Structures are given as C-alpha cells and as structure tokens.
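A.B. asks: Dropping the structure in here first, questions after.
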Amino acid sequence: MATKKKQRKMEDENREFNVEWTETFAFQNVNGFPTCLICKEKLAHNKKSNLERHFTTKHLFFSNKYPVGDARKKAVEELLKSQEKSSSAFNQWVQSSNYFNFASFAVSQEIAKRGKPYTDGEYIKRCFISASEELFRGFKNKEEILKKIKELPLSAKTVKDRTAKMSSNITNQQVDDLKVVSALLIAVDESCDLNDTAQVSLFVRFMSATGPKEELLGLLPLKGQTRGEDIANAVIGCIEKYHIPLDKIVSIATDGAKSMTGVRNGFVAIMKEKITHEILTYHCIIHQEALCAQTFPEEMCKVMELVIKMINSIVAKALHHRQFKEFLVEMESEYADLLGWLSRGNVLKRFASLLSEIKAFFLEKGVHYPELTNDQWIQKLYFMVDVTSHLNQLNHKLQGKGNTIFSMLEEVISFENKLSVFAQDFDRETLIHFPSLLKHRQENNSDIDITYFKTALLNMREAFLKRFQEFRNSKATLAFVKKPLDATVTELHFSPFNIDIGNFEMQLLDLKNKELWSSKFERLCADLERLEKNKCELSSQNKWSALKDLEKEDMLIFNTWNSIPDSYNQLKKLAFAVLSFFGSTYLCEQSFSSMNLIKSKLRNRLIDENLESCLKLKTTTYKPDLLKLSKEMQGQCSH
C-alpha cells in the first residue's frame, strides 16, 4: 500500500523577509508580514514570487515610471519617509487622545469624590475656559490651549461612564487584595435612600501590605423585604460574586437590629450557619453607647421634647424666626441665632445659653410656657445640658477612622468610671463636673435635688455595665496588639484565626525575652502615649476636626508589628486579625450620609449601579489606575 506523501507547511520553511525586496518590490517588513508601501496591502508569507506577482500586476505604472536603479531607490525612500511620517502622526494622535482621556478621568474622579452630579463636568469645563481666557492672556499658544480645553470630553454621559469604569477598577484592586488575605472582617448596616429603596452597606476591613484597609465592597439594594434572610442573601451574593471564600470571615459587626441579630433568622445567625468555623460578632459600640444615653428618667425626656417644641415654634415660621434673630441682636446676645448645624446635645446647650432671651421673646409675643419659670424644670434642663456634653465627648472619641477596638473599649470603661465620679460629685454637692447646673444654683440660690440626679447617673452607669459584654469577654485578646509582652496564652481567644497554639506560645516566650524585639513595643507605648496626649489637648479645646490630621493609632501598631520578622508568624497572624476588627458600624452610617448627599432630590432618578459607583469613589482609599483606563478608551473629543 502506497504511503501518503506528507504535505509541506509554510511555517516549516522558516522564510524570512529579504531587505533587498524593499527596493525591488516596494515592500517592508511589518510585524513579520511583508506590507506594500504603495497600497498598504499585507501578504501572508515572506515568499519572493508572491511579492513579485503583487508588484508587477497591481503596480505596473510604478514599475515602469521608476525602473530598477537610482530612480526606484529614491522613490522607495520617499515612500518610507511618508510611511514614517504617517506612523508618527498616528502615534501622536494616540498619545494626545490618551491625554484627553486621562484628564477626563481625573475631573470625573473629583466630581464623584465630592458627591457632585454628572452634569458638573460641563460646568467645570466652562469655568476652566473662562479662567483660561485671562490666565493665559499674552501666551502665544493661548488659542491652542483653549482649543484643547474645549475638546475635553466632560458631558454628563461621559462622566457617568468614566465613574463606572473607575469604580470597576477599584473593585478589581479590592478583590485582588481580598483574595490573598487570611482574615476578613465585615460591618453591615441597612438604610433607605431617597426613593425608599433599602440599601445594605457592606464594608470590609483587612490587612494589606501597606496597613489596615477599610473599604466599601458593595452597596446592595433590597427590592423586597428587609429580613435577615434578605440581607444575608445580598451579602453572600456580593462576596461570592467576587469568588471570595466565606470562610475568610472571622468577625461581623452590626447595629444590633432584630433583622441582624435574631437568634434563628437574623443575618448573623444565617452567616454562622454558612461559615464552617466560629466567628466573633459585635454590636456596634457607638450604637450601644447611644442606647445607654437613653436611660434618662421620663421627666427629663419630656424636658427635651418641650425644648424642641419651643424651638420649632420660633423657627417654623419665617416671620417669627426673623424677629427672634433681630431680638437677639437688640439684646446684644452672644449668639446670632437659636439653631445652626447642631447636634441634639448642642441644641440643648444653645437653648440654655439663650434661656433669658427666649423667655423675653415669648413674653413679648404673649406665649406662655410655665416651665420656663419652674425651678425644678430648669434644673433638669441644665443637668441634661451637662450630661449630654460629657456624652458628646465620648461619642467623638468613638467615631472616626483608625481607632482600634481595644481603645474604644477603654473609652467606654473610662466613661463608666466617670459616671461614678459624677455621682460622688452630687454626694459632695460640689457640682464641679456640672458647670451649667452649678451656675444656676449660684445665681438663683436653688435647692438642688441631689438624690434625683444622682439616681439618674447611677442608672446610666448600670446600663453601661450591662452592655458591651462581647467586647469585655475579648478584652485580653483585643489588648494583645498593643501589649503582647503582658499577654497570657490561656486568656487569649484563638479559635476563629486558625492559630497553631504550640508555636504561638513558643514565639511569644521568645519575643518577651529578646530585647531587640520587645523594645519595639516599649517604643510603641511611648508613641501611643504621645498620640493620646495630642488627642486630649485637641478634645479639651473642642477641635474635633483637627483629630483627623493626627497619625492613626492602627498605623502605629501596624508598623511596629510589620517590623517584626516572619519567624513570629503566629503572633503576627493574631495581631493583624485583631487589628482589623470593626468596633462599630460608623463607616456604614457615614456611607449612608454620603448616599443621601449623592442621591438627593435633584438626582432621585440615579439608578442603584451608578449610586454604588459614586459612593465607592467617595469612600475608597484606593486610587483608580487612570493611565491604564485612559489607554483602554478610544479618544473622542467634545463636540
């Protein structure tokens, strides 16, 4: 039987482009393929007969006009120069297009970070053009500059698309980091947007190579009910969508609502069933503190209700409000108005400061509130002013980024002890911690109901002592990140973190006895002491916004642990996991404030996907890769 002859393949012949073909047939090698300089046609193979047939059949006029020799050589050189010039112009156009896209992304990012509408893109461009008219006056290339600004693509649709792409890029960065971490901690809360759509805010906290990260992984809309099952399905769906194993979750923080903490059908209970290991759950420490503050006796709650009623009677009607402000000016009052952007505690304080002016104003209007002349009612008002002032200071210390869960617990325990001191202040009848009430007693020679106010303080302390149990039970573990040299292995909680206890015990013993490493934690204590001193000084001056500029506590701790060698891997594993704990759902609440700023009455048609994109850009610490995104886009100038 005859054997079948094996066919020869072109790729087996190792054909290469011959440089002589450029002058002979007007071809050049482009990425391994012979390409005609005259008609730009690309041939499949480097075969001389193919090039010759193409040249003689399609470009006979060129062949006759420029015979082989100097004439053909010069003609081909001109074609090559033209090709290079065209290629250079194309590359310049591509580069210019990238600049336009990069600038468009940069402006869109600023718009999203500030929660502004997409239409602000064109507004910013008009401002830029108007400013440039004067800023570049006298510049020779002024018209060229203005032309580029006018061509910058910043329409509402463009800004929307850019925002979505940047959000997607940030999500990819988040997911890349989440896939390599060993411990993941989540905080979950639910609230409604302007259109009454229930939105679940899912924040994740984890340890990256550069330190602790707190990131919004998703804003998840619930179209139907808001049961624990619905919340769990949304959260699990989001995590699984990015192929992140649920078993990486070691801790969950919620606001303590029934849908979150229900024994059988709550969100936390469902998550515990889905996760194969033990997880630590925390009820937001700020929310618990707020619940403790609601233990005022009913009579004091009615004081607050009446204060709000009186304030509303003044500010609800524009005429009364204007007259009251004019009245304050005539009285040369310390304040120009009764209200501003004030919290409830500060409203009480402002009301108490303007009490005499408010009395006079109501008297002039013929409005009678007998409580304003009742000494017992006024005592309760001043007591609430002083207590809410102390509570506000605690609240400020618990809020913000960078606080470790152990520091938050210390602040709560410290306040519990302060309440005992406040009660003793009433026993001594000195009232040094209640300046408003003390001033009222001195000016009016009032007989203060010591027992009543002391009982109110002790009841509040009792409420504090009954709460925060999940934090108290983990106190030794939470303290480990700051004071590992004082740690005892039997007091630590290991189960959620997959720690090798035997190795951990040996590593801890070694750390305590190596001065080189133990001295790092002594320096850490000194740094934390300095930081706390700065916080106290700013807090005493009510400079709460300045606290944001201080170095973050968690970064100081991270840098210390990060400097320890990996031979202490079990110690570092526990430290980094505990340092990542959420002590509160503060970030979730803050994200809802941003959500309401973004989806305002003027933007009530903003769809859920775009709302999430805007919110992610506003809250993230990641930076979108604008260079990569701009290169992926096709350049289009504004029309």
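The values are calculated or read from the model by the stated rules, or taken from the named source; none is laboratory data. Computed from a predicted model, the values in this text were never measured in an experiment. Cβ atoms come from the backbone with ideal geometry, glycine included; neighbour counts cover every protein chain shown.
A.B. asks: Taking the stretch 32-50 as the region of interest, how many residues are touching a residue at least 12 places away in the same chain (Cβ under 8 Å) and closer than 16 Å to Leu80 by Cβ?
C.D. replies: Of the residues in that region, 5 qualify.
A.B. asks: Filter the stretch 146-183 for residues that are of a type in the set (Asp, Glu) and touching a helix residue (DSSP H, G or I) at 6+ places or on another chain (Cβ under 9 Å); which is surrounded by the fewest Cβ atoms within 10 Å (Cβ to Cβ)?
C.D. replies: Among those that are of a type in the set (Asp, Glu) and touching a helix residue (DSSP H, G or I) at 6+ places or on another chain (Cβ under 9 Å), it is Glu151.
A.B. asks: So in the stretch 619-629, with the set limited to residues that are of a type outside the set (D, E, K, R) and not in a helix (DSSP H, G or I), which one is nearest to Phe102 (Cα to Cα)?
C.D. replies: Taking the stretch 619-629 first, the residues of a type outside the set (D, E, K, R) are 619-622, 624, 626-627, 629.
If we keep only those that are not in a helix (DSSP H, G or I) as well, we get 620-622, 624.
Numbers: Thr620: 20, Thr621: 20, Tyr622: 17, Pro624: 11 Å.
Among those residues, the one meeting the criterion is Pro624.
A.B. asks: One residue is enough: does the stretch 292-301 have a residue meeting the conditions over 30 Å from Ile405 (Cβ atoms), touching a helix residue (DSSP H, G or I) at 6+ places or on another chain (Cβ under 6 Å) and in a helix (DSSP H, G or I)?
C.D. replies: Yes, the stretch 292-301 contains at least one residue that is over 30 Å from Ile405 (Cβ atoms), touching a helix residue (DSSP H, G or I) at 6+ places or on another chain (Cβ under 6 Å) and in a helix (DSSP H, G or I).
Conditions (1) surrounded by 14 or more Cβ atoms within 10 Å (Cβ to Cβ); (2) free of Cβ contacts under 8 Å to residues at least 40 places away in the same chain, marked per residue:
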site: Ile432; (1), (2): no, yes
site: His440; (1), (2): yes, no
site: Ile448; (1), (2): yes, no
site: Phe453; (1), (2): yes, no
site: Phe464; (1), (2): yes, no
site: Arg467; (1), (2): yes, no
site: Ala476; (1), (2): yes, yes
site: Ala487; (1), (2): yes, yes
site: Glu491; (1), (2): no, yes
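A.B. asks: Now, a different point. Exactly one condition in (1) at negative phi; (2) in contact with a His (Cβ under 7 Å, 6 or more places away or on another chain) is false for Gly256; which is it?
C.D. replies: For Gly256, the failing item is (1).
A.B. asks: Right, another one. So which of Leu571, Leu611, Leu524 ends up being within 25 Å of the chain's Cα centre (by Cα) and not small (Gly, Ala, Ser)?
C.D. replies: Numbers: Leu571 fails: within 25 Å of the chain's Cα centre (by Cα); Leu524 fails: within 25 Å of the chain's Cα centre (by Cα).
It is Leu611.
A.B. asks: Here is a follow-up. Restricting the search to the stretch 107-125, which residues are over 23 Å from Tyr622 (Cβ atoms) and hydrophobic (A, V, I, L, M, F, W, C)?
C.D. replies: The answer is Ile124, and nothing else.
A.B. asks: Let me ask another. Being modelled with pLDDT under 95, crowded, with 20+ Cβ neighbours inside 10 Å and over 25 Å from Lys552 (Cα atoms) narrows it down to one residue among Gly256, Gly228, Gly262, Gly224; which is it? First the steps, then the outcome.
C.D. replies: Numbers: Gly256 fails: crowded, with 20+ Cβ neighbours inside 10 Å; Gly262 fails: crowded, with 20+ Cβ neighbours inside 10 Å; Gly224 fails: crowded, with 20+ Cβ neighbours inside 10 Å.
Residue meeting the stated conditions: Gly228.
A.B. asks: In the stretch 540-559, how many are of a type in the set (S, T, N, Q), under 24 Å from the mean Cα position of the chain (by Cα) and surrounded by 11 or more Cβ atoms within 10 Å (Cβ to Cβ)?
C.D. replies: Filtering the stretch 540-559 for residues of a type in the set (S, T, N, Q) gives 540-542, 545, 559.
Remaining after also requiring under 24 Å from the mean Cα position of the chain (by Cα): 545, 559.
When the remaining residues are screened for being surrounded by 11 or more Cβ atoms within 10 Å (Cβ to Cβ), the result is 559.
Qualifying residue count for the region: 1.
A.B. asks: Only residues that are surrounded by 17 or more Cβ atoms within 10 Å (Cβ to Cβ) and aliphatic (A, V, I, L, M): list them for the stretch 105-123, please.
C.D. replies: Across the stretch 105-123, the qualifying residues are Val107, Ile111, Ala112.
A.B. asks: From the list Asn534, Asn498, Asn542, which residue is of a type outside the set (D, E, K, R), without any contact (Cβ under 8 Å) to a residue 24 or more places away in the chain and on the phi > 0 side of the Ramachandran plot? Explain how you work it out, then say what you get.
C.D. replies: Working: Asn534 fails: on the phi > 0 side of the Ramachandran plot; Asn498 fails: without any contact (Cβ under 8 Å) to a residue 24 or more places away in the chain.
When all the criteria are applied, what remains is Asn542.
A.B. asks: Working only within the stretch 355-383, note down all residues that are touching a Leu at 6+ places or on another chain (Cβ under 6 Å) and hydrophobic (A, V, I, L, M, F, W, C).
C.D. replies: Once the filter is applied, which keeps residues that are touching a Leu at 6+ places or on another chain (Cβ under 6 Å) and hydrophobic (A, V, I, L, M, F, W, C), the stretch 355-383 yields only Phe383.
A.B. asks: Being modelled with pLDDT of 85 or more, out of contact with any strand residue (DSSP E or B) (no Cβ under 6 Å at 6 or more places or on another chain) and more than 30 Å from Leu419 (Cβ to Cβ): is that true of Ser313 here? Break it down stepwise before answering.
C.D. replies: Values: modelled with pLDDT of 85 or more: no; out of contact with any strand residue (DSSP E or B) (no Cβ under 6 Å at 6 or more places or on another chain): yes; more than 30 Å from Leu419 (Cβ to Cβ): yes.
No.
A.B. asks: Exactly one of (1) out of contact with any helix residue (DSSP H, G or I) (no Cβ under 6 Å at 6 or more places or on another chain); (2) more than 20 Å from Phe582 (Cα to Cα) is unmet by Trp544. Its number?
C.D. replies: (1)
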